[in-house]
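Here the structure is laid out as structure tokens; the discussion comes afterwards.
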Amino acid sequence: MSLKDAIKAKKTRTTPQKTQALEEVSKEEIKRLNVNLPASLLKAFKAKAAIEGKEMSEVIKSFIEEYVK
């Protein structure tokens with residue numbers, strides 16, 4: 001799947017993960033986190049998340065959950 005196809009599919013999909021994330025949002029207040037990254041790293045992160053069909057915030061959340069264990 002190309003990056004262009006992944007981005008197009010991402011905009012239209014509804015997945016169990018997305019539904020679960022929306023349910024979690026309603027359970028707990030959400031706060032925003034701003035991070036400064038090199039442009040090339042951000043571009044690679046966006047591309048990989050899109051190709052895998054994941055939201056970037058979902059990936060970051062899982063990284064942080066693992067880190068704080």
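The values are calculated or read from the model by the stated rules, or taken from the named source; none is laboratory data. In this text the structure is predicted, and so the values were computed from the model without any measurement. Neighbour counts are summed over all protein chains in view; Cβ atoms, including those assigned to glycine, are modelled from backbone coordinates with ideal geometry.
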Q | Ser40 being modelled with pLDDT under 95 and polar (S, T, N, Q) | A | no
Q. Residue check: is Glu24 on the phi < 0 side of the Ramachandran plot, exposed (fewer than 12 other Cβ atoms within 10 Å of the Cβ), in a helix (DSSP H, G or I) and modelled with pLDDT of 90 or more?
A. no
**Q.** Inter-residue pairs, beta-carbon under 6 Å, first closer than 17 Å to Ser57 by Cα and of a type in the set (Lys, Arg) and in the range 3-27, second assigned to a helix (DSSP H, G or I) and at pLDDT 70 or above, 6+ apart
**A.** Lys10/Ala50
Q: Report the residue count in the range 27-37 for those that are at pLDDT 95 or above and not in a loop (DSSP other than H, G, I, E, B).
A: 0
(Q) Please verify whether Ile64 is part of a helix (DSSP H, G or I), modelled with pLDDT of 95 or more, aliphatic (A, V, I, L, M) and surrounded by 13 or more Cβ atoms within 10 Å (Cβ to Cβ), treating the condition exactly as stated. (A) no
Q | Residue list for the range 40-61, restricted to those being surrounded by 14 or more Cβ atoms within 10 Å (Cβ to Cβ), among the aliphatic types (A, V, I, L, M) and in contact with a Lys or Arg (Cβ under 8 Å, 6 or more places away or on another chain) | A | Ala50
Q) Which of the residues belonging to the range 52-61 are at pLDDT below 95 and either of a type in the set (Val, Ile, Thr) or touching a Cys at 6+ places or on another chain (Cβ under 9 Å) (or both)? A) none
